[in-house]
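Enquirer: First the structure, which I've put down as structure tokens, then a few questions once you've had a look.
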Amino acid sequence: TPDGAEFTAEGRWEGSLLREPRGEGGFGYDPLFQPADADGRSSAELTAEEKNARSHRGKALRALAPHIAAFV
């Protein structure tokens, strides 16, 4: 922040690693990550909207949003 305060947030997305890649979407580890909350689909098989709603990055950003909004 302008006065030097810092905010951090952590997001977690529970799941397991697959032995074989599945799906065409996403990037990096997405075809190898099976989220616990995705009905057996890999992260690469989720729509962008589904992935953003569940992902660790999305959870962390939503936790930071009120702090960011206070300075906009």
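Enquirer: What number comes out for accessible area per residue over the range 1-58 if the probe is 1.4 Å? Units Å², please.
Expert: 70 Å²
Enquirer: Which loop-located trypsin sites (Lys or Arg not before Pro) does the range 2-52 contain, where loop means any DSSP state but H, G, I, E or B and the Cβ has at most 10 other Cβ atoms within 10 Å?
Expert: In loop regions of the range 2-52 (DSSP not H, G, I, E or B), the sparsely surrounded trypsin sites (Lys or Arg not before Pro) are ARG12, ARG19.
Enquirer: Taking the Cα of ARG12, stepping 7 Å toward and past its beta carbon, and measuring to each backbone N in the range 33-72: which are under 18 Å?
Expert: 34-38, 54-64
Enquirer: Sticking with this structure for a sec: Please identify the chymotrypsin sites (Phe, Trp or Tyr not before Pro) of the chain that satisfy two criteria: DSSP loop assignment and at most 14 other Cβ atoms within 10 Å. Which are they?
Expert: PHE7, PHE27, TYR29, PHE71
Enquirer: Now for a different question. Against the longest principal axis of the chain, how steep is helix 56-69, in degrees 0 to 90 to the nearest 10, with axes from Cα atoms?
Expert: Roughly 20 degrees, rounded to the nearest 10.
Enquirer: If each residue of separation counts as 0.36 nm, what is the full-extension length gain between ALA70 and ASP37 once their alpha-carbon separation is subtracted?
Expert: 8.7 nm
Enquirer: Can you send over the carbon and sulfur percentage of the accessible area for the chain, probe radius 1.4 Å, protein chains only?
Expert: On the chain, the fraction of accessible area on carbon and sulfur atoms equals 55 percent.
Enquirer: Please identify the GluC sites (Glu not before Pro) of the chain that satisfy two criteria: DSSP loop assignment and at most 12 other Cβ atoms within 10 Å. Which are they?
Expert: In loop regions of the chain (DSSP not H, G, I, E or B), the sparsely surrounded GluC sites (Glu not before Pro) are GLU6, GLU10, GLU14, GLU24.
Enquirer: At 222 nm, what helix-only mean residue ellipticity would the chain give, in deg cm²/dmol to the nearest 500, using -39500 (n - 2.57) for each DSSP H run of four or more?
Expert: Taking each H run of at least 4 residues, the total per residue is -8500 deg cm²/dmol.
Enquirer: Report Rg(Cα)/(2.2 N^0.38 Å) for the chain, keeping two decimals.
Expert: 1.36
Enquirer: Relative contact order (percent) for the chain, with alpha-carbon contacts under 8 angstrom and 6 or more residues of separation?
Expert: Relative contact order for the chain comes out at 32 percent.
The values are calculated or read from the model by the stated rules, or taken from the named source; none is laboratory data. Since the structure is predicted, the reported quantities are computational estimates derived from the model, not experimental observations. Neighbour counts are summed over all protein chains in view; Cβ atoms, including those assigned to glycine, are modelled from backbone coordinates with ideal geometry. We work out accessible area using only protein heavy atoms, side chains counted, and drop any ligands, DNA or RNA first. Shrake-Rupley method; radii C 1.70, N 1.55, O 1.52, S 1.80 Å.
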